[in-house]
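*Asks:* Supplied in structure tokens, the structure appears directly below.
The values are calculated or read from the model by the stated rules, or taken from the named source; none is laboratory data. Since the model is a prediction, treat every value here as computed from it, not as a measurement. FYI the Cβ positions are ideal-geometry reconstructions off the backbone, even for glycines, and counts take in every protein chain you see. The protein model used for the area step is the full one, side chains on, heavy atoms only, and it has no ligands, DNA or RNA in it. Shrake-Rupley method; radii C 1.70, N 1.55, O 1.52, S 1.80 Å.
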Amino acid sequence: MRLQPDQPLGIFDSGLGGLTVASAIKQLLPDEQIIYFGDTAHLPYGDKSSDSIIHYSGKIAEFLLERNCKTVLVACNTASATAYAGLLDKFGDKALVMDVIDPVVDYVTEKFPSSKTGVIGTKNTINSNTYPLNIREKIPVANVVSMATPLLVPMIEEGFIYDDISNAIIRSYLSNELLDGIEVLILGCTHYPIIKNQIRKYYNFRIEVIDSAEIVARHLKEKLASENLLASERKSEDLFYVSDFTEYFGKIARMFFDSNINLSKSDLWK
Ligand code: DGL
């Protein structure tokens, strides 16, 4: 693999939630060009079969590699839990293949090794048990519990944020006795940073609420630096592709990404 610093960063998600990660990356690494792919034609991945997610992820990785990306960053917990290992196997010699789960597991096990940790995410992410397994690989006696919170993605996408409906849904999930006594909560879905403060408020700011966006951006920066792949000047504009486009997706994109962005429709699935 002969990668060059001026190649773009390839990032993908099932839809637009991964823009929370792309946004943190843009802030930390302003000289990098980002090529983002949101598979809006197939979202949500949260309740798709593993076979479908692996198939979609493989095609998207090829799409990013055809555009000369130096990374294939899986900015989706569901695809990270399901497809990352296969992507690493298949494309690890062509680009830096990275996920959003490993950096968070490293961070939490280093910073909070003896805290009771909760994980919330989509059904697929939670059913895969990836977070508890990876945490216990580092700390075998770790006290970690996980719970699917499938209503949160549609709730966020429909704009129910900081209001009575979202407060009720969040309270209904987080008051589950499984999560009693947690000291750390991992937001195991790239949509959830949007409601991070609302969740922190639910806990009266008493527990650590961890999201992947900044942690993954920092990890990516370290990885690029260690491989001498940090871009030193921006050469091209960021590109944001989606596999299906509606006005609605344009609106959602602005919620997940700080600046105004233009989504281009890709014909990957044609
Ligand atoms: N962004 C996805 C994740 O991080 C959730 C959305 C979906 O179900 O596709 O798991």
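*Asks:* Can you tell me the length gained on complete extension of the stretch F205 to S172, counting 0.36 nm per residue apart and subtracting the Cα distance? Present the calculation step by step, with values, prior to reporting the outcome.
*Replies:* Details: separation 33, 0.36 × 33 = 11.88 nm, distance 1.79 nm.
That works out to 10.1 nm of additional length.
*Asks:* For the chain, rounded, prolate or oblate, judged on the Cα gyration tensor with a ≥ b ≥ c (square roots of eigenvalues), a/c < 1.5 rounded, else prolate if a/b > b/c? Don't jump to the answer; show the numbers that get you there.
*Replies:* Numbers: a/c = 1.63, a/b = 1.33, b/c = 1.22.
It comes out prolate by the Cα gyration axes.
*Asks:* Here's another thing I want to ask about it. Sorting check: for 196-208, 141-153, which peptide has the highest mean count of neighbouring beta carbons within 10 Å, and how do the rest follow? Present the calculation step by step, with values, prior to reporting the outcome.
*Replies:* Details: 196-208: 14.6, 141-153: 18.9.
The densest-packed peptide leads the list: 141-153, 196-208.
*Asks:* Run through the DSSP bridge list for segment 18-177 and note the antiparallel percent, rounded to the nearest 5. Each step should come with its number before you reach the end.
*Replies:* Details: 0 of 8 bridges.
Antiparallel bridges: around 0 percent, rounded to the nearest 5.
*Asks:* Quick one: Karplus J couplings for segment 181-196, per residue in order, coefficients 6.51, -1.76, 1.60, θ = phi - 60°, nearest Hz, x for Gly and Pro?
*Replies:* The phi angles translate into x, 5, 10, 9, 10, 8, 7, x, 7, 6, 7, 5, x, 4, 10, 4 Hz.
*Asks:* Roughly what would the spin-label model give for S264 and E137, points 7 Å off Cα along C-beta, in nm?
*Replies:* 3.6
*Asks:* Loop only by DSSP, 12 or fewer other Cβ within 10 Å of the Cβ. Give me the GluC sites (Glu not before Pro) in segment 98-206 that pass, ordered by residue number. Mind showing how you got there, number by number?
*Replies:* Working: sites: E110, E137, E157, E158, E177, E183; in loops: E158, E183.
Sparse-neighbourhood loop GluC sites (Glu not before Pro): E158.
*Asks:* Also, quick follow-up: Can you return the lysines within cross-link range of K94? Criterion is Cα-Cα under 18 Å, with same-chain partners fewer than 8 residues away left out.
*Replies:* K59, K70, K223
*Asks:* Moving to a separate point now. Can you tell me the length gained on complete extension of the stretch K111 to S50, counting 0.36 nm per residue apart and subtracting the Cα distance? Let's see the in-between values first.
*Replies:* Numbers: separation 61, 0.36 × 61 = 21.96 nm, distance 3.16 nm.
Residue separation times 0.36 nm, minus the Cα-Cα distance, leaves 18.8 nm.
*Asks:* Please list, in chain and number order, the residues 5+ apart from K265 or on another chain whose amide H is under 5 Å from its amide H, with Hs placed from the backbone.
*Replies:* Answer set, sorted by chain and number: V242.
*Asks:* Measure off, as a whole percent, the carbon and sulfur share of the 1.4 Å-probe accessible area of the chain, all protein chains present.
*Replies:* Accessible surface attributable to carbon and sulfur in the chain totals 46 percent.
*Asks:* Along segment 140-148, what does the Karplus equation 6.51 cos²θ - 1.76 cosθ + 1.60 (θ = phi - 60°) give for ³J(HN,Hα), rounded to whole Hz, x for Gly and Pro?
*Replies:* x, 9, 4, 9, 9, 10, 9, 8, 6
*Asks:* Which value, in Å², gives the accessible area per residue of segment 125-201 when a 1.4 Å probe is used on the protein heavy atoms? Before the final figure, lay out the partial values.
*Replies:* Numbers: 3680 Å² over 77 residues.
The answer is 48 Å² per residue.
*Asks:* Going highest first, how would you order 79-91, 231-243 by mean Cβ packing within 10 Å?
*Replies:* Taking the mean over residues of other Cβ atoms within 10 Å, the ranking is 79-91, 231-243.
*Asks:* Show the residues, 5+ positions off or on another chain, whose built amide H is closer than 5 Å to the amide H of M98.
*Replies:* Close amide H contacts, sequence-distant or interchain: V72, L73, V74.
*Asks:* Looking at segment 54-87, which trypsin sites (Lys or Arg not before Pro) are in a loop (DSSP not H, G, I, E or B) and have at most 16 other Cβ atoms within 10 Å? Please list the in-between numbers first.
*Replies:* Working: sites: K59, R67, K70; in loops: R67, K70.
Of the trypsin sites (Lys or Arg not before Pro), the ones in loops of segment 54-87 whose Cβ has at most 16 other Cβ atoms within 10 Å are R67.
*Asks:* Right, something else. Can you compute the helix-only [θ] at 222 nm over the chain? Use -39500 (n - 2.57) per DSSP H run of at least 4 residues, normalise by all residues, nearest 500 deg cm²/dmol.
*Replies:* Values: 11 runs with 117 residues, N = 270.
Value at 222 nm, helices only: -13000 deg cm²/dmol.
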